[in-house]
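*Asks:* Before we start, here is the structure in question, set down as structure tokens.
The values are calculated or read from the model by the stated rules, or taken from the named source; none is laboratory data. In this text, all values refer to a predicted model and were calculated from it rather than measured experimentally. As a convention, Cβ positions derive from the backbone with ideal geometry for all residues, glycine included, and neighbour counts pool all protein chains shown. For accessibility, only protein heavy atoms count, side chains too; no ligands or nucleic acids. Shrake-Rupley method; radii C 1.70, N 1.55, O 1.52, S 1.80 Å.
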Amino acid sequence: MTRKEIRNITKRLFENSKRHNLELVEINESSPYVVNAVVEIPKGGSAKYEYNPELDTFQLDRCLPDSMQYPCSYGFVPSTMGQDDDPLDILIYNNVPIDRGTIVECNVIGALDMEDSHGQDWKILGVPTYRGKGYWSLKDVDQMFLKIADNFFKHYKDLEEQRKVTVRGWVDKKQALKIVDDCCERFRPLDSLNELIREF
């Protein structure tokens, strides 16, 4: 099954769903170079929200200590599945916070190699496409931001019992594009999709 066919199936499921599940928003036509991102947490926030696809709403997961604030807007890439069976996470490099629930088209420029209690948990780094052509790789990003984000994810669960995090640092654009491709492929629940299509 081609990516275009998968995209068309996903689109029909999304359009025919009683609720517009944001996890089923189409893969961007320019993927893996450009992805659609759904914002869960605006930059500077310390409350962790997660999207609940069954209720089609965002619910509070927990609050971080006051000293811990997300260094950028944070969310997920729809129509993907990471190795932890959740949609692929994305960090959105932008100078102002982006509201929760907003869909942002982003250029992929790298990824943070991270592992938590659920296994490998990549964080793609994306730059909104509106920012133009000045961001092609990690070298184009403020290097202090990369250090701050690395440090944040190393320590944001420090005060939570039995929550271990390992951060191995940043990987380049080439590897990030492969991660996006792999997570798009992993998303293809063909048996479930075929079953749902028959219902329509």
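*Asks:* Look through region 145-200, keep the residues that are open to solvent by 60 Å² or more (accessible area, probe 1.4 Å) and among the β-branched types (Val, Ile, Thr), and return whichever of them is modelled with the highest pLDDT.
*Replies:* So the residue we want is Ile148.
*Asks:* Same structure again: Name the residue that is modelled with the lowest pLDDT, counting only residues in region 1-32 that are closer than 23 Å to Lys178 by Cβ and open to solvent by 80 Å² or more (accessible area, probe 1.4 Å).
*Replies:* Met1
*Asks:* Another question, if that's okay. Which one is farthest from Glu26 (Cα to Cα), of the residues in region 122-139 that are in contact with a strand residue (DSSP E or B) (Cβ under 7 Å, 6 or more places away or on another chain) and open to solvent by 10 Å² or more (accessible area, probe 1.4 Å)?
*Replies:* By that ranking, first place goes to Leu138.
*Asks:* Yes or no: Leu60 within 22 Å of Lys157 (Cβ to Cβ) and either of a type outside the set (Phe, Trp, Tyr) or in contact (Cβ under 8 Å) with a residue 40 or more places away in the chain (or both)?
*Replies:* So Leu60 passes the test.
*Asks:* Could I ask something else about it? Identify all residues within region 33-56 that are open to solvent by 60 Å² or more (accessible area, probe 1.4 Å) and more than 19 Å from Val96 (Cα to Cα); write none if there are none.
*Replies:* Tyr33, Glu50, Glu54, Leu55
*Asks:* List every residue pair whose Cβ atoms sit under 7 Å apart, with the two residues 6 or more apart in sequence or on different chains, where the first one lies in region 117-131 and is on the phi < 0 side of the Ramachandran plot and the second, anywhere, is assigned to a strand (DSSP E or B) and charged (D, E, K, R).
*Replies:* Asp121/Asp89; Asp121/Glu115; Trp122/Asp89; Trp122/Asp113; Lys123/Asp89; Ile124/Asp89; Pro128/Glu105; Thr129/Glu105
*Asks:* What pairs come out if I take residues in region 35-53 that are among the aromatic types (Phe, Trp, Tyr) and pair them with residues that are assigned to a strand (DSSP E or B) and open to solvent by 20 Å² or more (accessible area, probe 1.4 Å) whose C-beta lies under 9 Å away, six or more apart or interchain?
*Replies:* Correct list of pairs: Tyr49/Phe58; Tyr49/Gln59; Tyr49/Leu60; Tyr49/Asp61; Tyr51/Thr57; Tyr51/Phe58; Tyr51/Gln59.
*Asks:* Does Tyr135 fit the bill of being in contact with a Gly (Cβ under 6 Å, 6 or more places away or on another chain) and either outside any strand (DSSP E or B) or on the phi > 0 side of the Ramachandran plot (or both)?
*Replies:* Against the criterion (in contact with a Gly (Cβ under 6 Å, 6 or more places away or on another chain) and either outside any strand (DSSP E or B) or on the phi > 0 side of the Ramachandran plot (or both)), Tyr135 does not qualify.
*Asks:* Looking only at residues in region 77-86 that are touching a residue at least 60 places away in the same chain (Cβ under 8 Å) and closer than 14 Å to Leu24 by Cβ, which one is surrounded by the fewest Cβ atoms within 10 Å (Cβ to Cβ)?
*Replies:* If we take residues in region 77-86 being touching a residue at least 60 places away in the same chain (Cβ under 8 Å) and closer than 14 Å to Leu24 by Cβ, then Met81 is surrounded by the fewest Cβ atoms within 10 Å (Cβ to Cβ).
*Asks:* Just to be sure I understand, how many residues within region 87-102 are surrounded by 16 or more Cβ atoms within 10 Å (Cβ to Cβ) and assigned to a loop (DSSP other than H, G, I, E, B)?
*Replies:* Selection size over region 87-102: 6.
*Asks:* What is the residue count in region 108-121 for residues that are surrounded by 15 or more Cβ atoms within 10 Å (Cβ to Cβ) and not in a loop (DSSP other than H, G, I, E, B)?
*Replies:* Total satisfying the criteria: 9.
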